Amino acid sequence: MSKEELIAIAIDARKLSYSPYSKFAVGAAIKCKDGSIYVGANVENASYSLCMCAERNAIYSAMMDGKTCDDFESMAIVADTENVCSPCGACRQVLSELFPHDAPIYLANLHGDSMEATVDMLLPFAFSGEDL
Ligand code: THU
């Protein structure tokens, strides 16, 4: 599967977003080494701090199907932004624990722009369980 196909799946997943408060819909798609795909979209709540991001919904969905860090191959994240959509700090922290540090993460928007990043690029010098 190409990068463009994974981004297209994230664009589709974005349609599942429940974002009546921010009206900012985000979609994410994770491709696993076995070819399986897991998607996520952001889900908001009137109690704003309970909002859950697309990226975390995708990774938690994969984990609830038995997948672990070693199974993940790549990820795409999409929103209707002018530049590519960059994950929030909380998602970077979660990805740094649960997603391979050298795996491609495609940041994209709806206008065909994309860039490739990795967890190490997004969160250098991360806090981790090894620091505890
Ligand atoms: N959001 C995501 O889903 N992913 C990000 O990386 C950035 C922010 C969501 C959270 C909230 O529902 C909305 O976008 C506005 O912040």
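The values are calculated or read from the model by the stated rules, or taken from the named source; none is laboratory data. Since we're looking at a predicted model, the values are computed, not measured. Cβ atoms come from the backbone with ideal geometry, glycine included; neighbour counts cover every protein chain shown. In case anyone asks, the SASA skips ligands and DNA or RNA and just uses the protein heavy atoms, side chains included. Shrake-Rupley method; radii C 1.70, N 1.55, O 1.52, S 1.80 Å.
Counting only residues that are within 16 Å of L6 (Cβ to Cβ), at pLDDT 95 or above and not aromatic (F, W, Y), give me the helices (runs of 4 or more DSSP H) lying completely in region 22-123 with at least 3 of them.
Working: elements: 54-64, 89-98, 119-122.
Per the criteria, 54-64.
For region 8-55, how many residues meet the condition of being more than 17 Å from Y106 (Cβ to Cβ) and within 13 Å of the ligand (Cβ to nearest atom)? Within region 8-55, residues that are more than 17 Å from Y106 (Cβ to Cβ) and within 13 Å of the ligand (Cβ to nearest atom) number 21. The single condition among (1) touching a helix residue (DSSP H, G or I) at 6+ places or on another chain (Cβ under 9 Å); (2) crowded, with 17+ Cβ neighbours inside 10 Å that E116 does not satisfy is (2).
Restricting attention to region 26-44, does a residue exist that is of a type in the set (A, V, I, L, M), out of contact with any strand residue (DSSP E or B) (no Cβ under 7 Å at 6 or more places or on another chain) and either within 12 Å of A76 (Cα to Cα) or surrounded by fewer than 21 Cβ atoms within 10 Å (Cβ to Cβ) (or both)? Looking through region 26-44, none of the residues is of a type in the set (A, V, I, L, M), out of contact with any strand residue (DSSP E or B) (no Cβ under 7 Å at 6 or more places or on another chain) and either within 12 Å of A76 (Cα to Cα) or surrounded by fewer than 21 Cβ atoms within 10 Å (Cβ to Cβ) (or both). Where residues in region 70-86 are closer than 11 Å to H111 by Cβ and either more than 16 Å from the ligand (Cβ to nearest atom) or open to solvent by 50 Å² or more (accessible area, probe 1.4 Å) (or both), which of them is nearest to the chain's Cα centre (by Cα)? Per the stated criteria, the residue is D80.
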